[in-house]
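The values are calculated or read from the model by the stated rules, or taken from the named source; none is laboratory data. Note that the coordinates shown come from a computational prediction; the quantities given were computed from them, not determined experimentally. Quick reminder, even Gly has a Cβ in these numbers, built from the backbone with ideal geometry, and neighbours come from all protein chains shown. The area values use the complete protein model at the heavy-atom level, side chains included, leaving out ligands, DNA and RNA. Shrake-Rupley method; radii C 1.70, N 1.55, O 1.52, S 1.80 Å.
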Amino acid sequence: MPRFNLAVDIHTGVQTAFVLAVVLALLFIWRGVASIRSARRLPYFRMRRERLVLGWRLILSSFFLGLVATLLNTTAEPLLYRYFPPTRGGPRGAPPPPRPRAGRGPPQAPAPR
């Protein structure tokens with residue numbers, strides 16, 4: 001069975017959540033409008049009212065999801081980095097890059113006497 005590396009950084013996770021929220025908001029708007037349109041063709045009052053209420057709830061929920069998407073896009077990443085600061089190591093606990101050794105750096109001016 002293959003093993004998948006599901007190590008995702010914070011930035012990618014926030015972007016994915018933002019895109020999912022936007023797609024769901026658009027889907028809710030589309031289904032809400034379709035529900036309201038189909039309610040107009042129903043002959044019975046109670047069924048028509050239930051379908052209208054469902055459509056308006058979907059549209060209201062899409063505005064809420066739009067607000068969540070906006071907050072995800074503007075404030076989620078800095079908030080998450082406050083509680084989960086980036087580490088020096090790379091993915092999967094890789095050691096940090098080596099430091100330059102003494103004497104191998106750029107040439108320095110001699111110290112004044």
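Numbers at a glance
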{"read-out": "At most 14 other Cβ within 10 Å, DSSP loop - trypsin sites (Lys or Arg not before Pro), the range 21-54", "value": "Arg40, Arg41"}
{"read-out": "Approximate spin-label separation Trp30-Tyr44, in nm, with each point projected 7 Å along Cα-to-Cβ", "value": "2.9"}
{"read-out": "With DNA, RNA and ligands ignored, accessible area of Phe64 (1.4 Å probe; Å², nearest 10)", "value": "130"}
{"read-out": "Distance in nm between pseudo-label sites at Leu80 and Arg3 (7 Å out along the Cβ direction from Cα)", "value": "2.4"}
